[in-house]
Structure formats: C-alpha cells, structure tokens
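Let me begin by presenting the structure, written as structure tokens, before commenting on it.
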Amino acid sequence: MDPSDLAWILAAFALVSLMFPGLSFLYGGMIGGHQVLNTFMMVMGSLAVTAVVYVLYGHGLVMGNSLGGLGIIGNPLEYAGFRSVMEDDGAGGMMWAGFYILFAAISLALAASGAIGRMKFGAWLIFGVLWLTFVYSPLAHWVFAFDDEEAGIVGGWMVNVLGFHDFAGGTAIHMNAGATGLALALVLGPRHNTSMRPHNLPLTLLGAGLIMVGWFGFNGGTAGGANFLASYVVVTSLLAAAGGMLGFVVVERIRYGHSTLLGLATGIIAGLVAVTPAADAVSPIGALLTGFLGAAVAAWAITWKRKHRIDDTVDVFAVHGMAGIAGVFYVMLLGDASAPAGIAGVLRGGDASLLWREPLAVLVTIVYAFTVTWIIATLMKKTMGIRIEPNAEDSGIDRSEHAESAYQLSPNGQEFASRKNPEHSIPAEFPDGTSPREEHTPENRKA
C-alpha cells in the first residue's frame, strides 16, 4: 500500500473511533438523566466485546474464505488471533483488520437503542458476543468479502452473486442495527416509564457532530486510500448531512409548526445513514436529496413507532434502518452514472434488474437480522434473564447496575431522591411526563 494511502486509512481509523464517544453523547442526551451512564457503558462496552470477538475469530467469519464456497460465512480459523495479519503484507492488512473492528463495534453500539434503560449490563455483553457471531458476521461477509479468483478466495453471496451495491455498509451496519434494535425492544418490552424527556439536548448535538466527523472517516476510509473517491464520498457525506438536517426540520415545521434541535440532530444522522450505501453513486445534488429523503422517512418511522408503542428508546430502527433503506432505493431509482460507481438508476435508463436485486438484499438483511436477534434475545430471556428488576428500573439503572450517577444535583453533593422510591438516590427527572418526541407536539408546546 502506498504510504499516503496508509496514512489516510490511519487518519480515517482515528476519525471513526470518535463515533463511540459521539454515539454515547447522542444517545445519552436523548434520555433521562438516570440512564446516561448505562448508555455510555453499553456503547463503549460494545467496542470492548467486539475487539475480543473479532481478534479471536470474527475477522475470519467476515473476511475469510467462504466455507464450502457457498458465500454464507467465512472461515473462522483463517485470521484467528490476527496472527495472519501480524506481518507487513504491503496491503495494510493489519490496518484493515482494525478498521473492520470499528465497523462491527459501531453496529452493536447502535443496536443498544432497543435495550437502553432496562437490560442487565452483563446480559448485554453476552448478547454482544452471540450477536456478533450469528448476526453481524454473516451479514458483513455477504457484503464486505469480495471474490479473488486468482487467489482462489470466495466471498459473500450478496456482493458477488447478487451484485448488490452497498458502498460502506448500509445493510450490514445500519439496516442490521435497526432491525436488531427493533427485535430487542419487542423482546424486552417497554420501560416502565417511557415518558422521560431528553435531559441534555446540547449533549445530543455534540454527539451528532462527533458522529458526523467520524462518518467522514467511515465513508472516506472505505474508499481505500487518499484518492479521488475518498474526496468524493466525504463531500457527498457532508451534503447528505446538510440535506438530512433540512429534511427533518422541514417535516417538523409542517407537522408541528416548529423546528427543534433534537430534530436537527436526528436529521444529521438520518442523512448520513441514507448516503452510506450510496455515497459513490449519487451526484452532489443527489446527495442533498438522499439526505433529505432519508430524514423525511426517518421522521415518518418515528411516528409509526410511537403509534404502535414500541420502545426503541432512541429510534435506531427509524433513523438507521429506514433511512438506510431510503438510500438504497434512491440509488436504485435515481443513481447517477457519472458518479464514481457508474450506476444509473432505473428512472435514468439503468438496468431494470436493480428493481429486484436491491429490494431483495434489503429484505434479506432486515428479515435475517430481526429473526436471529429475536431468537437470541428470547433464549437469553428464558434462560438467564436479561431485564433488570422493576424497582431497579424505577430507581435508575445507573445506580442499580453501575453504582454511579452522572450528575450531582445538590450543593452538598447529595443526589435528589426518586419520587417513586425515596430510599433510592437518583438525579431528579422532568416533572411533566413527556417523551423525547412528544414534547415537540403542539399540545405540549402550548402547555
């Protein structure tokens, strides 16, 4: 690998690493003050678990030669212990292996949305091991592992046989995390108190900003080096984030009469998610439209989730699952042949087979991730138990699981007591009982 290319991948690696504290801030600001530390622990714990799994056998499952040549799963022993990437192969093998650790870890961390505030931390770590093995690794192999005929290597079926285009993991990462979060939310059931408002919106915007910076490394690093493609996808990522901000706040303005900071931060993420599979297949104008569309779809999906009383706490299914699908469909219909990927959408005279290849890949991803996650979570629920006790949830998961609290709210350093459980010390919560999204409805604003 050219030194300049390796330098860019190293820089991209550092940028992607910022997404973990960024996601902690994003999620943490959107929830009640007595769940913040648990959220941080789940996100950062995801990175820890993933690193162990990936080094032991995960890299082989994802990038190894497909077992039996079937394109279903890689050989877990091929990269066991990372021993086969310890020497300089001239292609940056060690760097790419580390890069893929971050991809896997952020996928698991995103899925925490379906469990925040009510899942035992130890159970989350065990779930992470099982999920990485049986859900993430197969999906990532299907999308990231390319055939190499000269070396006799067989990769994943989705990218090599189906010919599905996914630039940087819209399926294996975002749709996968969205379906996983939805399945976890349904197995765990809703929190006892789902009416907590975001306790710190500036923290949420800080998190969204860090994630956006990390996304430049996420998409830019996928380009493989310091080249034109990297600069192209970094710019389209920025434009999609801008389009997403506008898309979400416009929808809010039309529906509620006001635009909110929470909506703007959500739009940033939705726009970036939407462009992830499409960053190299859209024009600059197309990137703006992709981000706008992804945010609008996410806003609709959030409303759908609330109507059906699904406690996907910070909306990973809506913002990552549905916005990711919107990005794939934009390429299918309006992909620009002059973009680096050279894919013309069907409405621009492109190959009509896109109309079944792209939806098939999306459908398989969502169904597989949801089904296997539901099975894993249900088995864990029936055997070891995965949800904290009701009184511990009422008193605050930060205290019950981690014996800490995020804030000291009184002058003498003693925390305020819970109104429901005075014997438990937790930070005071908002008194009006509105939810993160419901606080933006006209009725609550008038109140």
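Data for the structure
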read-out: Any hit, the stretch 187-207, residues being without any contact (Cβ under 8 Å) to a residue 24 or more places away in the chain and farther than 12 Å from VAL273 by Cα; value: no
read-out: Among the candidates TYR57, TYR79, TYR100, TYR27, residue that is under 22 Å from VAL143 (Cα atoms), of a type outside the set (A, V, I, L, M, F, W, C) and buried (at least 24 other Cβ atoms within 10 Å of the Cβ); value: TYR79
read-out: Yes/no for ILE310 being outside any helix (DSSP H, G or I), surrounded by fewer than 21 Cβ atoms within 10 Å (Cβ to Cβ), out of contact with any Lys or Arg (no Cβ under 8 Å at 6 or more places or on another chain) and not acidic (Asp, Glu); value: yes
read-out: Tally of residues being aromatic (Phe, Trp, Tyr), crowded, with 20+ Cβ neighbours inside 10 Å and out of contact with any Asp or Glu (no Cβ under 8 Å at 6 or more places or on another chain) across the stretch 195-242; value: 3
read-out: Single residue of the stretch 120-161 satisfying the filter (outside any helix (DSSP H, G or I) and of a type in the set (A, V, I, L, M)) that is nearest to the chain's Cα centre (by Cα); value: ALA145
read-out: Condition met for PRO284 (within 24 Å of ALA242 (Cβ to Cβ) and surrounded by fewer than 24 Cβ atoms within 10 Å (Cβ to Cβ)); value: yes
read-out: Among the candidates SER113, SER137, SER107, SER84, residue that is among the hydroxyl-bearing types (Ser, Thr, Tyr) and over 17 Å from VAL62 (Cβ atoms); value: SER113
read-out: Of all residues making up the stretch 349-408, the number that are out of contact with any Lys or Arg (no Cβ under 7 Å at 6 or more places or on another chain), of a type outside the set (Ser, Thr, Tyr), closer than 28 Å to ASN193 by Cβ and not in a helix (DSSP H, G or I); value: 8
read-out: Residue check, LEU264 more than 30 Å from ASN193 (Cα to Cα) and in contact (Cβ under 8 Å) with a residue 12 or more places away in the chain; value: no
read-out: Test result for ALA344, at pLDDT 95 or above, within 24 Å of GLY163 (Cα to Cα) and either outside any helix (DSSP H, G or I) or not small (Gly, Ala, Ser) (or both); value: yes
read-out: From MET158, MET196, MET175, residue being at pLDDT 95 or above, touching a Gly at 6+ places or on another chain (Cβ under 7 Å) and not small (Gly, Ala, Ser); value: MET175
read-out: Sole exception among (1) touching a Pro at 6+ places or on another chain (Cβ under 8 Å); (2) part of a helix (DSSP H, G or I); (3) more than 19 Å from ALA177 (Cα to Cα) for VAL328, by number; value: (3)
read-out: Close pairs from the stretch 221-238: first under 15 Å from LEU15 (Cα atoms), partner hydroxyl-bearing (Ser, Thr, Tyr), Cβ under 6 Å, at least 6 apart; value: ALA226/SER4
read-out: Verdict on LEU10 being surrounded by 24 or more Cβ atoms within 10 Å (Cβ to Cβ) and within 24 Å of THR276 (Cα to Cα); value: no
read-out: Test: residue in the stretch 355-362 that is among the aromatic types (Phe, Trp, Tyr), modelled with pLDDT of 95 or more and surrounded by 13 or more Cβ atoms within 10 Å (Cβ to Cβ); value: no
read-out: Residue match in the stretch 97-114 (condition: among the aromatic types (Phe, Trp, Tyr) and farther than 24 Å from ALA318 by Cα); value: yes
read-out: Residue among ALA417, ALA428, ALA406, ALA377 that is at pLDDT below 60, among the small types (Gly, Ala, Ser) and either closer than 23 Å to LEU201 by Cα or in contact with a Leu (Cβ under 7 Å, 6 or more places away or on another chain) (or both); value: ALA428
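Yes/no matrix, rows are residues, columns are (1) farther than 23 Å from GLY244 by Cα; (2) in contact (Cβ under 8 Å) with a residue 24 or more places away in the chain:
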{"site": "ALA323", "(1), (2)": "no, yes"}
{"site": "ALA326", "(1), (2)": "no, yes"}
{"site": "VAL331", "(1), (2)": "no, yes"}
{"site": "GLY335", "(1), (2)": "no, yes"}
{"site": "VAL346", "(1), (2)": "yes, no"}
{"site": "ARG357", "(1), (2)": "yes, yes"}
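The values are calculated or read from the model by the stated rules, or taken from the named source; none is laboratory data. All values derive from a computational prediction rather than experimental measurement. Ideal geometry is used to build each Cβ from the backbone, glycine not excepted, and the neighbour counts take in all protein chains shown.
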